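Quick one: the structure is below, and I'll ask about it shortly.
The values are calculated or read from the model by the stated rules, or taken from the named source; none is laboratory data. It should be emphasised that the depicted structure is a prediction, and the values quoted were computed from it without experimental measurement. Note that each Cβ is placed from the backbone with ideal geometry, even for glycine, and that neighbours are counted across all protein chains shown. Surface areas here come from the heavy atoms of the whole protein model, side chains and all, with no ligands, DNA or RNA. Shrake-Rupley method; radii C 1.70, N 1.55, O 1.52, S 1.80 Å.
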Amino acid sequence: MLIPARGMQSIGTETAFEVLARAQALAAQGRDIVNLGIGQPDFKTAPHIVEAACQALRDGHHGYTPAKGILPLRQAVARDLDRRYGAAVDAEHILIVPGGKVTIWFAILMFGEPDNEILYPDPGFPVYESAIGFTGATPVRIPLREENGFAFSADDVLARLSPWSRLLILNSPANPTGGVASRAELDTLAEGLKRFPQVAILSDEIYSAMLYDGRAHVSLLDYPHLRDRVILLDGWSKTYAMTGWRLGYGVWPERLIEGATKLAINSHSCVNAAAQYAGIAALEGPQEATAAMLDTFATRRRLIVDGLNDLPGVRCVEPGGAFYAFPNITGTGFSSAALQRRLLEEAGVAVIAGTSFGREGEGFLRFSYAASTDAIAEGLARIRRFLESAA
Ligand code: PLP
């Protein structure tokens, strides 16, 4: 009999991929499915970025690159962080990885072991809990509340820190809620963290470019006294519509970058060379495609939030960022899982149960508005018909 390691019993999955597979299976049977489930921009990567990858291949960039990533790309990331946040980052502290997820795993592998505690948002990106469980560390939930617009409360976080805490995971703007941490709350947290010098912080800022109503992103790089323990996660997947390229980066503190680089050498060696050249073109080239995508998301956000608030038994707080809405569905009388299943099977609309993102997600559904306005309008109309006939 095969006996996999204990961690395999705790490893989870991302329901979004399972819902996508079921939606595709139904579509293959001829069903017309409106997909508001998957969390990726429904845009193509800008042509100049694609061309940079093709050119890299024609130029013969076919071999391994340095494990940390090619220097021009790391320098481009450093310049981008300087432009966006005025943060001075040494290119030697940047580790290019195949997608944002890898930085999550590396940070959790580095700090997770039995007896240690790792704090993470609930509802939150499911990979956090999954990876923590794999390491055997104790998962400590930070509940995100609807009444706070799903932004974390610094007091909630600080109250959960203990001498056993090793890593704190933050995510703003957030998946699945679209919640955004305010500068005031981050200031309070950063101040309070002085009392817990042994705690590293993984700041997942993969949606840093996606904020609405003129809000500016506040990066954890803005706090100089935390720089020696913040791991910044960002990447190209969302900002440049490059989810399939598998390209992301981490900015690691001086004392952790060597360990992170060893994890890279031990796992993937380096990132696809052509994708790295595409990454330079994305950061240094024209930004119009990203700006246009954000304008489109802003329009859709209005449509979906208003539409959801108009549905019987549904209320939806205004998401400040990312491209998700996280409506409260308790007034419909359905549980999250039941409504997810019935909307897909009976109404032909794919959405994700809030419980896929943690137990605090009960009573909510995640809608991705990375879908056309027609798809959003049709999805909302189908849900209305379903809810009215189920009432
Ligand atoms: N972090 C969050 C909060 C996400 O929502 C995602 C993707 O959905 C990722 C990280 C991973 O991004 P990537 O596709 O670059 O691995």
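Please report the base-10 log of the normalised intensity I(q)/I(0) for segment 45-119, using a Debye sum with one equal scatterer per alpha carbon and no solvent, at each q in 0.17 (1/Å).
Values, matching the q order: -0.89.
If you fit an axis through the alpha-carbon atoms of helix 100-111 and take the longest principal axis of the Cα set of the chain, what angle between them do you get, 0 to 90°, nearest 10?
60 degrees
Give the value in nm², to one decimal: projected area of the alpha carbon convex hull of the chain, averaged over all directions.
20.3 nm²
Still on this model: Could you give the radius of gyration (one decimal) and Dmax (whole number) of the Cα atoms in segment 63-284, in Å?
When restricted to the Cα atoms of segment 63-284, Rg and Dmax are 16.4, 51 Å.
Leaving out ligands and nucleic acids, and using a 1.4 Å probe, what accessible area per residue does segment 63-284 come to in Å²? Walk me through the numbers before you get to the answer.
Working: 7920 Å² over 222 residues.
With all protein chains present, segment 63-284 gives 36 Å² per residue.
Further question: Sort 326-334, 98-106 by the packing proxy (mean of other Cβ within 10 Å over each peptide's residues), most packed first.
Packing order, densest peptide first, comes out as 98-106, 326-334.
Here's something else I'd like to know. Over segment 1-105, calculate the relative contact order: mean separation of alpha carbon pairs under 8 Å at least 6 apart, over the residue count, as a percent. Mind showing how you got there, number by number?
Working: 42 pairs, mean separation 16.9, N = 105.
Computed value for segment 1-105: 16 percent relative contact order.
Sorted by mean Cβ packing within 10 Å, highest first, what order do the peptides 246-252, 107-113, 186-192 take?
Result, highest mean Cβ count within 10 Å first: 246-252, 107-113, 186-192.
Same structure, new question: With a ≥ b ≥ c taken as the square roots of the eigenvalues of the C-alpha gyration tensor of segment 218-345, please select rounded if a/c is under 1.5 and otherwise prolate if a/b is larger than b/c or oblate if it is not?
Here segment 218-345 falls in the prolate category.
Also, I was wondering about something else. Ignoring ligands, DNA and RNA, what percent of the accessible area of the chain is carbon or sulfur (1.4 Å)?
53 percent
If each of ILE11 and GLN29 carries a label point 7 Å out from its Cα toward its Cβ, how far apart are those two points in nm?
3.0 nm
Take segment 1-155, compute every pairwise Cα distance, and split them into 10 Å bins from 0; I just need the percent in each bin.
The distribution over segment 1-155 is 8, 21, 30, 29, 11, 1, given as percents.
Once phi is turned into ³J(HN,Hα) by the Karplus curve 6.51 cos²θ - 1.76 cosθ + 1.60 with θ = phi - 60°, what whole-Hz value does each residue of segment 139-148 show in order, with x for glycine and proline?
Calculated HN-Hα couplings, in order: x, 10, 7, 10, x, 9, 10, 4, 5, 9 Hz.
Can I ask one more? How many nm is it between the label spots at ASP115 and ASP155, if each spot is 7 Å from the Cα in line with the beta carbon?
Using points 7 Å along Cα→Cβ, the separation is 3.4 nm.
Can you give the extra length, in nm with one decimal, that the chain gains between GLN40 and THR299 once fully stretched, where that is 0.36 nm per residue apart less the Cα-Cα distance?
Stretched fully, the GLN40-THR299 segment lengthens by 91.6 nm.
With labels modelled as points extended 7 Å from the Cα through the Cβ direction, what inter-label distance (nm, one decimal) is found for GLU345 paired with ARG384?
About 2.6 nm, to one decimal.
Debye sum, Cα scatterers, segment 277-391, no solvent: what log₁₀ I/I(0) at q = 0.14, 0.15, 0.18, 0.22 1/Å?
Summing over Cα pairs of segment 277-391 leads to -0.59, -0.66, -0.87, -1.20.
Also, quick follow-up: Over the chain, what relative contact order in percent results from Cα pairs under 8 Å that are six or more residues apart?
Value for the chain: 24 percent.
Give me, ordered by chain and number, the residues 5 or more places off ARG366 or on other chains with an amide H under 5 Å from its own placed amide H.
Residues meeting the amide H criterion: ILE352, ALA353, GLY354.
What whole-number distance in Å separates the alpha-carbon centres of segment 120-182 and segment 345-369?
Spelled out, the Cα-based centre of one part sits 19 Å from the other.
Could you give the length gained on full extension between LEU2 and LEU57, defined as 0.36 nm per residue of separation minus the Cα-Cα distance, in nm?
Between LEU2 and LEU57, full extension yields an extra 15.6 nm.
Follow-up. Suppose R0 equals 25 Å; then what is the FRET efficiency for GLU284 and ALA216 from their Cβ-Cβ distance, rounded to the nearest 0.05?
Once the sixth-power term is evaluated, E becomes 0.70.
For the chain, find the longest principal axis of its Cα atoms and tell me its angle to the long axis of helix 15-28, 0 to 90°, nearest 10.
The angle comes out at about 50 degrees.
Could you rank the peptides 361-367, 319-325 by their average count of other C-beta atoms within 10 Å per residue, with the highest value first?
319-325, 361-367
In the Gaussian network model of the chain, springs joining C-alpha atoms below 10 Å, which of ASP59, ASP228, ASP156 carries the largest mean-square fluctuation?
Per the Cα network of the chain with a 10 Å cutoff, ASP59 tops the list.
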